[in-house]
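K.L.:
Next up is a structure, given as structure tokens.
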Amino acid sequence: MREAIHIEKPWFSASLKEWIFTTDHKKIGIMYGITSLVFFIVGGIMALGMRVELFNPGTQHVSPDTYNYFLTVHGALMLLWWAIGIWGAFANFLIPLMIGARDVAFPRLNALGYWTFFAASVIALITLIPGNQIMHMWTGYPPYSANPNSGLTALFVFIWHLTGAASIMGAINFLTTVVRMRAPGIGFFNMNLFLHGVSSMNLIQLLGIPSIAGAVTMLFLDTYVGTNFFNPAKGGDPILYQNLFWFYSHPAVYVMVLPAFGVISEIVSTFARKPIFGYKSMVVAIWAIALVGFMVWTHHMFVSGIPDWVKILMSYTTVLIGVPTGIKIFNWVGTLYRGAVVYKTPMLYALGAILMFLIGGLTGIPLGLPAFDIAVHDSYFVVGHFHYVLGMAVTLAAFGGFFYWWPKVTGRMYSEALGKLSFWTIIVGSNVLYFPQLIVGLSGMPRRYYDYPVIGEWITLHQIQTVGAFVLAFGILLGIIALIKGTLSGEKAPANPWMSNSLEWRLPSPPPPHNFDEPPKVEKDYCPHGYCKF
Amino acid sequence: MARLTALLLGLITAALAEEVSAKDMPAALWDTLNEIWLALSVVIYLIVAVPSLIFMIKYRYKRGEREMGDQEHEGHWGLEALWTIVPLIVVIYLATHGFAIFKEMRTPPKDALEIKVTAFMWGWEFEYPNGKKVYAFFKQDKDAVKGYRAQEFEKPLLPVGRPIKVNLTSKDVIHAFYLRPAKVVQDAVPGRNTYLWFQVNEAGEYWVFCREYCGTWHSRMFAKIKFVPETEFNNWLGGKTALKKTDEGGAL
């Protein structure tokens, strides 16, 4: 096909100028991906720095301020650049391919969104310069964040504003694209679950970001202009910030995890060579999570002094999230039943993500009960819980997605042996790192501690974690090498290496610049999940 | 059957009640919930993981024999309803049981001794009903890097075997009071009054940590509370031991 339309080179071999001024959704997707991955590595290196410091009690290598800076930036980068940003990459590249469109609805807005995200990245890098550091954690709770000792709060506020603006641009764009530009025959109940994942994600972004934008703007005014929104001495209330912050930042967890669910669904059904089990209940579950996700935010504030009845109310809504999440997990298991499971690297990552996400979910349920949370709030148990969800489920799904769509993106197959090795290294390293966090948390170890007292089992548990962190880092490195090696010297990828029925696999790998020569026609009973029918 | 259930329930509650009386509060209540959760989690994990592993092995791809899955197998409303309704019942049960326990955790007994704790960067001020104040904060000198060393002032004392209600507030930023054996956390928020209560039944020195990030030395914001028999506590509270040193501490 490429020969027929006189394009000799793949679409990504463009000049630097073309990359900078591009409005092509595939190029912008790649740029999101590279940016996210770079910051994922930076955030990971900072985590290694913290783990080295925590290997023994007492001060060894870094000062408390440096440690607090590492922790702040590790949190911000891993959440905003990795767990949210990486789905910008997948969404950009895949949405038009999956719905049979030539580009997204607003290509220039899309480019502006990326460059806004890039500007936020520059600000994140500016915080690396000594003197510009921020040390009030990614949550930036006032009154401490309004205290000059906590670093340059302005940079923190601008990071939120810019990533938030980029996310809103992306959200408008992706939602419009999915609603308005689907090829005939692709409807709400037969489009890819990944599309449901990113659509619900973007709806949350659209509704939630104004709240966090307001919170950090008030924080900015309090810090630099002398207003008193959060200053208790002048009648303000620091708890107000927490409400506004978590009204977005809890649903933001679903921003990170719903697209991951989508990717897992794509991979599991493809490699089980079988339609996804319970498609409709999967769709309902995704949207139910997005909806109920807005009604649970105070579980981050169970010990902050809010009224007890609010805690009880939100404890019911919080554990309720477990029901649609459970439906998804059971449906994935149901998909394996009577399948023909092919164990390629993406499938290993997806299955690993499911089994690890289950631990994240099961440790999340008690955190939704104020009676349980009262002992483990702000402890390492919480750290372990969200690392199982974000560090494992989301990261494994993202890497699974990398391997799965790598042939489509680059036109080359990745290295299968290295890919599988990277999976096993990551899964071992992650569990050695995160499981002891749960145990040390139940034993009372507070989070965000640069140092800890000499309590026998704490030392052992921290040392195990540090070992796990290095194994994990090595696994990530192997995964990245497997992908890069594939791009440079991999076999040429066929159009549909996995025999998936989804629309993006009907294009050559890599797809031509305009994707589809003519609006694609799908079969009458088109179902994107299942064994190739075309 | 009903009688058997009643008997079993009775036995369980009796066993739990016996345990509760000997343990610290609210840690004992928390332990109950923790055990229920842990048991449920293991069961749920197995319910998912065991069939997954069986399917992964049994239905793996075999060339020429099983090259594609069953294309007609797309769902089963009965099963899907089952794994919606059962988890719904489980989580509603957990939230309701948690609610009952939480109510108990948040209701201090009437005979509780009330003290006031004010958090500051980075330490604690303990104020007793008779106005006596004790300060606890870490020693921030050139050897600060070495680890957890307290100032050599007197330690805050509390009586064992007696419920204690702590009224919390903060002087500067948000902190959180956590007493390790009692397994209870509450934020100390400037401009607000919060509370928690606990009871420790064994004499000894126990860690108090700050659990809400509060700046550079958040990790060293600790106190060691010494729990002593009630008579000893009363003597200490009435006496004038080391009051002078405490004042110096306050000046710092």
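K.L.:
If a residue has to be more than 7 Å from chain B (Cβ to nearest Cβ) and β-branched (Val, Ile, Thr) to count, how many in region A:329-344 make the cut?
P.N.:
Total satisfying the criteria: 1.
K.L.:
For region B:29-84, name all the residues that are more than 45 Å from the chain's Cα centre (by Cα) and either more than 7 Å from chain A (Cβ to nearest Cβ) or touching a residue at least 40 places away in the same chain (Cβ under 8 Å) (or both).
P.N.:
Correct list: B:62, B:63, B:64, B:65, B:72.
K.L.:
Follow-up. Restricting attention to region A:474-493, does a residue exist that is assigned to a loop (DSSP other than H, G, I, E, B) and within 14 Å of chain B (Cβ to nearest Cβ)?
P.N.:
Within region A:474-493 (the criterion being assigned to a loop (DSSP other than H, G, I, E, B) and within 14 Å of chain B (Cβ to nearest Cβ)), the answer is no, since none of the residues qualifies.
K.L.:
A further question on this structure: Which of (1) surrounded by fewer than 22 Cβ atoms within 10 Å (Cβ to Cβ); (2) under 27 Å from residue A:372 (Cβ atoms); (3) facing chain B (nearest Cβ under 7 Å) does residue A:326 not meet, given it meets every other one?
P.N.:
(1)
A quick yes/no check of all residues on (1) at the interface with chain B (Cβ under 8 Å from one of its Cβ atoms); (2) buried (at least 24 other Cβ atoms within 10 Å of the Cβ); (3) touching a Pro at 6+ places or on another chain (Cβ under 8 Å):
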{"residue": "A:249", "(1), (2), (3)": "no, no, no"}
{"residue": "A:271", "(1), (2), (3)": "no, yes, yes"}
{"residue": "A:302", "(1), (2), (3)": "no, yes, yes"}
{"residue": "A:315", "(1), (2), (3)": "yes, yes, yes"}
{"residue": "A:320", "(1), (2), (3)": "yes, no, no"}
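K.L.:
With the checklist (1) more than 20 Å from residue A:89 (Cβ to Cβ); (2) buried (at least 24 other Cβ atoms within 10 Å of the Cβ) in hand, flag the one item residue A:348 doesn't pass.
P.N.:
(2)
K.L.:
Now a separate question. In region A:24-33, is there at least one residue being of a type in the set (Ser, Thr, Tyr) and at pLDDT 95 or above?
P.N.:
Looking for residues that are of a type in the set (Ser, Thr, Tyr) and at pLDDT 95 or above, one finds at least one in region A:24-33, hence yes.
K.L.:
Could you grab me the full set of residues in region A:494-534 that are of a type in the set (Asp, Glu) and away from chain B (no Cβ under 14 Å)?
P.N.:
Of everything in region A:494-534, those that are of a type in the set (Asp, Glu) and away from chain B (no Cβ under 14 Å) turn out to be A:504, A:517, A:518.
K.L.:
Pick out the one residue from A:439, A:455, A:459 that is surrounded by fewer than 19 Cβ atoms within 10 Å (Cβ to Cβ), of a type in the set (A, V, I, L, M) and touching an Asp or Glu at 6+ places or on another chain (Cβ under 9 Å). Break it down into steps so the answer makes sense when it comes.
P.N.:
Values: A:455 fails: touching an Asp or Glu at 6+ places or on another chain (Cβ under 9 Å); A:459 fails: touching an Asp or Glu at 6+ places or on another chain (Cβ under 9 Å).
After applying the criteria, what remains is A:439.
K.L.:
Here are A:293, A:236, A:262: which of them is outside any helix (DSSP H, G or I) and among the small types (Gly, Ala, Ser)?
P.N.:
The unique qualifying residue is A:236.
K.L.:
Residues in region A:390-416 that are in contact with a Ser or Thr (Cβ under 9 Å, 6 or more places away or on another chain) and assigned to a helix (DSSP H, G or I): how many?
P.N.:
Start the filter on region A:390-416 by keeping residues that are in contact with a Ser or Thr (Cβ under 9 Å, 6 or more places away or on another chain), which leaves A:391-392, A:395-396, A:398-400, A:403-404, A:406-412, A:414-416.
In the following step, the residues that additionally are assigned to a helix (DSSP H, G or I) were identified as A:391-392, A:395-396, A:398-400, A:403-404, A:406-410, A:416.
The total comes to 15.
Listed here are the residues, each with its yes/no results for (1) under 30 Å from residue A:272 (Cα atoms); (2) in contact with a Leu (Cβ under 7 Å, 6 or more places away or on another chain); (3) small (Gly, Ala, Ser); (4) surrounded by 14 or more Cβ atoms within 10 Å (Cβ to Cβ).
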| position | (1), (2), (3), (4) |
| --- | --- |
| B:46 | yes, no, no, no |
| B:56 | yes, yes, no, yes |
| B:59 | yes, yes, no, yes |
| B:66 | yes, no, no, yes |
| B:94 | no, yes, no, yes |
| B:101 | no, yes, no, yes |
| B:109 | no, no, no, no |
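K.L.:
Considering only residues that are of a type outside the set (A, V, I, L, M) and surrounded by 18 or more Cβ atoms within 10 Å (Cβ to Cβ), which ones fall in region A:212-240?
P.N.:
A:220, A:222, A:223, A:229, A:230, A:231, A:232, A:236, A:237, A:238
K.L.:
Return yes when residue B:100 is within 14 Å of chain A (Cβ to nearest Cβ) and modelled with pLDDT of 90 or more and no when it is not.
P.N.:
Here the answer is yes, as residue B:100 does meet what is asked.
K.L.:
Now, a different point. Take residue A:393 and decide whether it is out of contact with any helix residue (DSSP H, G or I) (no Cβ under 7 Å at 6 or more places or on another chain) and either among the aliphatic types (A, V, I, L, M) or more than 7 Å from every other protein chain (Cβ to nearest Cβ) (or both).
P.N.:
no
K.L.:
Of everything in region B:187-205 that's in a loop (DSSP other than H, G, I, E, B) and within 7 Å of chain A (Cβ to nearest Cβ), which residue is farthest from residue B:232 (Cα to Cα)?
P.N.:
Per the criteria, the residue is B:191.
K.L.:
Would a scan of region B:215-226 turn up a residue that is farther than 29 Å from residue B:102 by Cβ, among the charged types (D, E, K, R), buried (at least 23 other Cβ atoms within 10 Å of the Cβ) and within 14 Å of another protein chain (Cβ to nearest Cβ)?
P.N.:
There is at least one residue in region B:215-226 that is farther than 29 Å from residue B:102 by Cβ, among the charged types (D, E, K, R), buried (at least 23 other Cβ atoms within 10 Å of the Cβ) and within 14 Å of another protein chain (Cβ to nearest Cβ).
K.L.:
Based on what the data block shows, is residue A:339 buried (at least 23 other Cβ atoms within 10 Å of the Cβ), outside any helix (DSSP H, G or I) and more than 21 Å from the chain's Cα centre (by Cα)?
P.N.:
When the stated conditions are applied, residue A:339 passes them.
K.L.:
Need the failing condition index for residue A:220 against (1) within 20 Å of residue A:144 (Cβ to Cβ); (2) free of Cβ contacts under 8 Å to residues at least 60 places away in the same chain; (3) away from chain B (no Cβ under 14 Å), just the number.
P.N.:
Tallying (1) within 20 Å of residue A:144 (Cβ to Cβ); (2) free of Cβ contacts under 8 Å to residues at least 60 places away in the same chain; (3) away from chain B (no Cβ under 14 Å), residue A:220 fails exactly one: (2).
K.L.:
Also, I was wondering about something else. Would region A:50-70 turn up any residue that is within 21 Å of the chain's Cα centre (by Cα) and not charged (D, E, K, R)?
P.N.:
Looking for residues that are within 21 Å of the chain's Cα centre (by Cα) and not charged (D, E, K, R), one finds at least one in region A:50-70, hence yes.
K.L.:
Within region B:126-134, can one find any residue that is more than 11 Å from every other protein chain (Cβ to nearest Cβ), within 16 Å of residue B:199 (Cα to Cα) and either outside any loop (DSSP other than H, G, I, E, B) or of a type in the set (Lys, Arg) (or both)?
P.N.:
no
K.L.:
Quick one: is residue A:363 part of a helix (DSSP H, G or I), more than 18 Å from the chain's Cα centre (by Cα), more than 7 Å from chain B (Cβ to nearest Cβ) and surrounded by 21 or more Cβ atoms within 10 Å (Cβ to Cβ)?
P.N.:
So residue A:363 fits the description; yes.
K.L.:
Quick one: which of A:417, A:398 is buried (at least 19 other Cβ atoms within 10 Å of the Cβ), under 23 Å from residue A:345 (Cβ atoms) and either touching a residue at least 60 places away in the same chain (Cβ under 8 Å) or among the small types (Gly, Ala, Ser) (or both)?
P.N.:
A:398
K.L.:
Just to be sure, is residue A:295 within 14 Å of chain B (Cβ to nearest Cβ), buried (at least 20 other Cβ atoms within 10 Å of the Cβ) and under 21 Å from residue B:88 (Cβ atoms)?
P.N.:
When the stated conditions are applied, residue A:295 does not pass them.
For (1) closer than 18 Å to residue B:25 by Cα; (2) assigned to a loop (DSSP other than H, G, I, E, B), each residue gets a yes or a no:
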| site | (1), (2) |
| --- | --- |
| B:161 | yes, yes |
| B:172 | no, yes |
| B:178 | yes, no |
| B:185 | yes, no |
| B:207 | yes, no |
| B:226 | yes, no |
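K.L.:
What's the number of the only condition in (1) within 7 Å of chain B (Cβ to nearest Cβ); (2) within 24 Å of the chain's Cα centre (by Cα) that residue A:308 fails to meet?
P.N.:
Residue A:308 satisfies all of (1) within 7 Å of chain B (Cβ to nearest Cβ); (2) within 24 Å of the chain's Cα centre (by Cα) except (2).
K.L.:
While we're looking at this one, here's another question. Take the conditions at pLDDT below 95 and crowded, with 19+ Cβ neighbours inside 10 Å and apply them to residue B:144. Does it pass?
P.N.:
no
K.L.:
Can you pull out the helices (runs of 4 or more DSSP H) entirely within region A:32-134 that have at least 2 residues that are surrounded by fewer than 21 Cβ atoms within 10 Å (Cβ to Cβ)?
P.N.:
By residue number, A:64-76, A:107-126.
The values are calculated or read from the model by the stated rules, or taken from the named source; none is laboratory data. This is a predicted model, so every value here is computed, not measured. Note that we place each Cβ from the backbone using ideal geometry, even for glycine, and neighbour counts take in every protein chain shown.
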